[in-house]
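The values are calculated or read from the model by the stated rules, or taken from the named source; none is laboratory data. A quick note: this is a predicted structure, and the numbers were derived from the prediction, not measured. Methodologically, a virtual Cβ is constructed for each residue, glycine included, from the backbone with ideal geometry; neighbour enumeration extends over all protein chains shown. Areas reflect the complete protein model, heavy atoms only, side chains present, ligands, DNA and RNA absent. Shrake-Rupley method; radii C 1.70, N 1.55, O 1.52, S 1.80 Å.
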Amino acid sequence: MGMTMTQKILAAHAGLDRVAAGQLIEAELDLALGNDITAPVAVREMEKAGGHVKDKDKVALVMDHFTPNKDIKAACQVKCTREFALREGVEHFFDVGKMGIEHALLPEQGLVGAGDCVIGADSHTCTYGALGAFSTGVGSTDLAAAMMTSKCWFKVPSALRFVLRGSLPEYVTGKDLILHIIGMIGVDGALYKSMEFTGEGVASLSMDDRFTICNMAIEAGAKNGIFPVDDKTLAYLNGRFRRPVKVYEADADAEYEKTYEIDLGALRPTVAFPHLPENTKTAWEHIPIDQVVIGSCTNGRISDMRQAARVLNGRKVAENVRCIVIPATQEIYLQAMKEGLLEIFIRAGAVVSTPTCGPCLGGHMGILADNERCVSTTNRNFVGRMGHITSEIYLASPYTAAASAVLGRLATAEEIL
């Protein structure tokens, strides 16, 4: 029996000819990631063990969750990580002025790429599967061990295959696709499995679509999500990625627990209603809202900014609705500025934030009060995720979020454009 794409990457990094689902392995890492919440815990564990960073080029520390610092505790978390990075000579340390949301920043900076084996002390590290890498989230103690050894142990995952056909209709995006999939298989439908995307429909998806899809693989319980490396992947990596590109392909006889066929052309704008990403709908009655958030590691990239601006251009955010736009990195912020997108947002009555995770995890820059409703391009809508436990979060694409901001209720771009 052959191996899946994920299994081939893990076998190569474990120095083995082959691996099988369920096998325990120790693999060499290409990168270990921490942020301002998870890194301080790892730093303290390393100090207890008397350890040091083994390979300074294989560690990235990104201050993004509460940065710029929202309070004293957040400031102390960042100070701990900043001092550690300076002391250990960590090359890839991103603070105010250089930082961005980690899972948009690392691909942009060329720190992750095809064939890599990457861990991060953040559940959405699975984002980098869009580039043909194996990437997954771990705990802070695993991060500590990885920084000291450049290795991590894994149980090799089994796999689900998603065969994509056709192309997405207008105003339907990668966010709608992954919400459709999670609604179809459930939040535990891919538990500790690899979600492997294939089929001729892959070519029609942009890199930003793929980042979004892999980012939310964890919302189906997956160990990782991964796309094949094609011309779009190579074009994205060209001149950006710092190591040789390594392309792995699944064997023709690779074993999958289940295969799903998805007609992209049949998809509609999809929204995950409170309080689980699997609670998806494509039709709904008028639901008034209080806030819209456009950003996050899921949908804060330049194409997301462009989609939101297309809806907001020449229009106004509805009375009594707050619209918060958060470009995911400084580079995206600058590009949005050059294209005039920021002016469109501000003239529409939205506010534009510095790159940060912000309200996604109930951090800052837009916390919800009791009984408020928010349409958000983020990735989770659990009870109390963005503020008060009686608030409600509706997960959607930038098109849908921007349209909702204009109409003051849950809406689609088709109602406006």
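For residue 133, state whether it is more than 15 Å from the chain's Cα centre (by Cα), among the small types (Gly, Ala, Ser) and either surrounded by fewer than 24 Cβ atoms within 10 Å (Cβ to Cβ) or at negative phi (or both).
No; evaluated as a whole, the condition is false for this residue.
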Are there any pairs with C-beta distances below 6 angstrom linking a residue in region 228-252 that is in contact (Cβ under 8 Å) with a residue 12 or more places away in the chain to a residue that is open to solvent by 70 Å² or more (accessible area, probe 1.4 Å), with the two at least 6 apart or on different chains, and if so which?
229/247
Verdict on residue 32 being open to solvent by 10 Å² or more (accessible area, probe 1.4 Å), touching a residue at least 60 places away in the same chain (Cβ under 8 Å) and closer than 20 Å to residue 132 by Cα:
no
So which residues in region 49-71 are touching a residue at least 24 places away in the same chain (Cβ under 8 Å) and either outside any loop (DSSP other than H, G, I, E, B) or acidic (Asp, Glu) (or both)?
49, 55, 56, 57, 58, 59, 60, 61, 62, 64
Quick check on residue 72: is it of a type outside the set (D, E, K, R), open to solvent by 60 Å² or more (accessible area, probe 1.4 Å) and out of contact with any helix residue (DSSP H, G or I) (no Cβ under 9 Å at 6 or more places or on another chain)?
yes
Filter region 154-206 down to residues that are among the polar types (S, T, N, Q), in a strand (DSSP E or B) and touching a residue at least 60 places away in the same chain (Cβ under 8 Å) and give me whichever is surrounded by the most Cβ atoms within 10 Å (Cβ to Cβ).
194
Would you mind stating whether residue 285 is free of Cβ contacts under 8 Å to residues at least 24 places away in the same chain and among the charged types (D, E, K, R)?
yes
What residue, of 91, 83, 108, is under 21 Å from residue 175 (Cβ atoms), open to solvent by 10 Å² or more (accessible area, probe 1.4 Å) and either among the charged types (D, E, K, R) or touching a residue at least 12 places away in the same chain (Cβ under 8 Å) (or both)?
108
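How many residues, within region 262-279, are farther than 24 Å from residue 166 by Cα and of a type outside the set (Phe, Trp, Tyr)?
So the answer is 5.
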Failed item in (1) of a type in the set (A, V, I, L, M, F, W, C); (2) open to solvent by 50 Å² or more (accessible area, probe 1.4 Å); (3) within 24 Å of residue 194 (Cβ to Cβ), with residue 19 passing the rest:
(2)
Tell me, please, whether a residue that is at pLDDT below 95, open to solvent by less than 50 Å² (accessible area, probe 1.4 Å) and not in a loop (DSSP other than H, G, I, E, B) can be found in region 365-376.
no
When you check residue 326 against the structure, is it farther than 30 Å from residue 62 by Cβ, β-branched (Val, Ile, Thr) and open to solvent by less than 40 Å² (accessible area, probe 1.4 Å), yes or no?
no
Those residues that are surrounded by fewer than 18 Cβ atoms within 10 Å (Cβ to Cβ) and among the acidic types (Asp, Glu), I need them from region 35-54; list them, please.
47
